[in-house]
1. Which residue, of Arg183, Arg202, is in contact with a helix residue (DSSP H, G or I) (Cβ under 8 Å, 6 or more places away or on another chain), assigned by TED's automatic domain parsing to the domain that holds Met25 and not aliphatic (A, V, I, L, M)?
2. Which condition from (1) outside any loop (DSSP other than H, G, I, E, B); (2) not assigned by TED's automatic domain parsing to the domain that holds Ile187 is the one that Ile102 breaks?
3. Among the residues of the range 103-113, what is the count of those that are at negative phi and either without any contact (Cβ under 8 Å) to a residue 40 or more places away in the chain or touching a Lys or Arg at 6+ places or on another chain (Cβ under 9 Å) (or both)?
4. Check whether at least one residue in the range 149-158 is over 27 Å from Arg229 (Cα atoms), away from the ligand (no atom under 16 Å from the Cβ), of a type in the set (Val, Ile, Thr) and touching a residue at least 24 places away in the same chain (Cβ under 8 Å), and report yes or no.
5. Output the residues belonging to the range 119-135 that are more than 16 Å from the ligand (Cβ to nearest atom) and either crowded, with 16+ Cβ neighbours inside 10 Å or not assigned by TED's automatic domain parsing to the domain that holds Tyr148 (or both).
6. Checking Asp98 against (1) in contact with a Lys or Arg (Cβ under 7 Å, 6 or more places away or on another chain); (2) within 12 Å of the ligand (Cβ to nearest atom), only one condition comes out false. Which one?
7. Take the range 14-54 and flag every residue that is away from the ligand (no atom under 15 Å from the Cβ) and touching a residue at least 60 places away in the same chain (Cβ under 8 Å).
8. Which strands (runs of 3 or more DSSP E) sit wholly inside the range 166-217 and have at least 3 residues that are surrounded by fewer than 18 Cβ atoms within 10 Å (Cβ to Cβ) and in contact (Cβ under 8 Å) with a residue 40 or more places away in the chain?
Amino acid sequence: DGETSGSDTTTITAGTAPGFPPFEMKEGGELVGFDIDLLSAVVTEADGYELGSWQEYAFDSLVPALTSNKIDVVAAGMTINDEREQQIDFTNPYYNADQAIIVRENGDFSPSSLADLSGHKVGSQSGTTGEGVAKELIEKGTLKESNYNTYDSYVFAVQDLENGNIDAVILDLPVAQTFADQRPVSIAFTYETGERYGFGIRNGDDDLQSALNEGLAAVRDSGKYEELRNEWFGG
Ligand code: GLN
């Protein structure tokens, strides 16, 4: 846990990986997004805790930062899955997502299934579930390992897609929709994975886990959750 301030309030440090709009991104040097606002609202409702600073990491460094006590909670659109649950714990889920495959909007490549990615260059962000999809394609022989690029941030993957260095990016659907709104890319097709995002915490940090789950419930009950969803996803 973080430091104790005052009589019985623990200050926790949050970690995130900007470049995952609209969950977390940099705007004019400021860290903003749905996860940033949601965690802040949740901790405000969580008994005994207050939010200290936000620390920024590459996505694949968040779990190590958490387990080595550099941060106390991860808010990064992180999918709750078995592999991660061997190392860390999660709060209750706060958002559902599937994967999407995005391409350049000019239509020079328009796949309609994962099999269509064969013979093309594909990218994703290191350590993500999108990378998991790519790795399965490599295992099945659909995708050549030499045709797969990983990036520290989805922002760089999308840039490489725009530049023509790769032909498709595999990423979470809500983030794909945001890039499609902002950049010359479009969603070719979606791939259902039924992912659920949770805030990551250290194994055994049971007090924090209960406090955050109670905070999450309070934020849903008060209408704040709905308000933030409307604000960041346009209703
Ligand atoms: N939800 C995906 C995962 O957990 C991607 C998260 C991200 O890139 N921030 O792997």
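The values are calculated or read from the model by the stated rules, or taken from the named source; none is laboratory data. Note that the structure is a prediction, hence the values are computed from the model and not measured. Counting neighbours? That spans all protein chains shown, and the Cβs are built from the backbone with ideal geometry, glycine included.
1. Within the list Arg183, Arg202, the selection yields Arg202.
2. Going through (1) outside any loop (DSSP other than H, G, I, E, B); (2) not assigned by TED's automatic domain parsing to the domain that holds Ile187 one by one, Ile102 breaks only (2).
3. Residues that pass the stated criteria total 2.
4. Going residue by residue through the range 149-158, those that are over 27 Å from Arg229 (Cα atoms) are 149-151.
From what is left, the residues that are away from the ligand (no atom under 16 Å from the Cβ) are none.
Looking for residues that are over 27 Å from Arg229 (Cα atoms), away from the ligand (no atom under 16 Å from the Cβ), of a type in the set (Val, Ile, Thr) and touching a residue at least 24 places away in the same chain (Cβ under 8 Å), one finds none in the range 149-158, hence no.
5. Residue satisfying the conditions is Lys121 alone.
6. Unmet condition: (1).
7. Answer for the range 14-54, where residues must be away from the ligand (no atom under 15 Å from the Cβ) and touching a residue at least 60 places away in the same chain (Cβ under 8 Å): Asp37, Ala41, Val42, Val43, Thr44, Glu45, Ala46, Asp47, Gly48, Tyr49.
8. 185-197
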